[in-house]
Amino acid sequence: MSGRRRLTPVKRERFIQRLRELGFEGPFPGGRHQLMRRGDQTIRVPNPHQGEIGVGLLRRILRDSGISREEWLGDP
C-alpha cells in the first residue's frame, strides 16, 4: 500500500466540485437529496447540514457510482 493516497473526509462543496471535474452536471433538485448526473449515472448528494462527507459514505457513493478511488483522487 506504499505510495497510495488515502480517501479523506471532504466538504460538500468540494465533493460537488470534484464530481463536476469528473463530468457530472448539477446538482439538481430531487426529493430529499440533490442529484448529479453523468450520462445514465445519478449520484445523490448528501445534505449540507450533515457536515463533511466521511470516508465511509464517500467510499459507498464512489462504489455505487462506479468511480474508482484512483479516478476520484486523480491518480494516474
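The values are calculated or read from the model by the stated rules, or taken from the named source; none is laboratory data. A quick note: this is a predicted structure, and the numbers were derived from the prediction, not measured. Every residue, glycine as well, gets a Cβ built from its backbone with ideal geometry; the counts of neighbours run over all protein chains shown.
So, in the range 62-76, of the ones that are part of a loop (DSSP other than H, G, I, E, B) and either touching a Lys or Arg at 6+ places or on another chain (Cβ under 6 Å) or not hydroxyl-bearing (Ser, Thr, Tyr) (or both), which residue ends up surrounded by the most Cβ atoms within 10 Å (Cβ to Cβ)? Filtering the range 62-76 for residues that are part of a loop (DSSP other than H, G, I, E, B) and either touching a Lys or Arg at 6+ places or on another chain (Cβ under 6 Å) or not hydroxyl-bearing (Ser, Thr, Tyr) (or both), the one surrounded by the most Cβ atoms within 10 Å (Cβ to Cβ) comes out as 67.
Considering only residues of the range 1-20 that are in a loop (DSSP other than H, G, I, E, B) and not hydrophobic (A, V, I, L, M, F, W, C), which is surrounded by the fewest Cβ atoms within 10 Å (Cβ to Cβ)? Give the steps one after another, and end with the answer.
Step one: list which residues in the range 1-20 are in a loop (DSSP other than H, G, I, E, B), which gives 1-9, 11.
Restricting the remaining residues to those that are not hydrophobic (A, V, I, L, M, F, W, C) gives 2-6, 8-9, 11.
Working: 2: 3, 3: 5, 4: 9, 5: 11, 6: 8, 8: 10, 9: 14, 11: 12.
My answer is 2.
Is the range 21-41 home to any residue that is assigned to a loop (DSSP other than H, G, I, E, B) and aromatic (Phe, Trp, Tyr)? Yes, the range 21-41 contains a residue that is assigned to a loop (DSSP other than H, G, I, E, B) and aromatic (Phe, Trp, Tyr). Contact annotation: residue pairs with Cβ atoms under 6 Å, 6 or more positions apart or on different chains, pairing a residue in the range 10-26 that is closer than 14 Å to residue 67 by Cβ with a partner that is assigned to a strand (DSSP E or B) and hydrophobic (A, V, I, L, M, F, W, C), are 10/53; 15/53; 19/36; 24/36.
The numbered conditions (1) at pLDDT below 90; (2) out of contact with any Lys or Arg (no Cβ under 8 Å at 6 or more places or on another chain) are all true for residue 17 except (1). Would you check which residues across the range 28-61 are surrounded by fewer than 16 Cβ atoms within 10 Å (Cβ to Cβ), under 16 Å from residue 11 (Cβ atoms) and either acidic (Asp, Glu) or touching a residue at least 40 places away in the same chain (Cβ under 8 Å) (or both) and list them? Those that are surrounded by fewer than 16 Cβ atoms within 10 Å (Cβ to Cβ), under 16 Å from residue 11 (Cβ atoms) and either acidic (Asp, Glu) or touching a residue at least 40 places away in the same chain (Cβ under 8 Å) (or both): 52, 54, 55.
Conditions (1) among the basic types (Lys, Arg); (2) within 13 Å of the chain's Cα centre (by Cα), marked per residue:
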site	(1), (2)
4	yes, no
13	no, yes
28	no, no
34	no, yes
59	yes, yes
73	no, yes
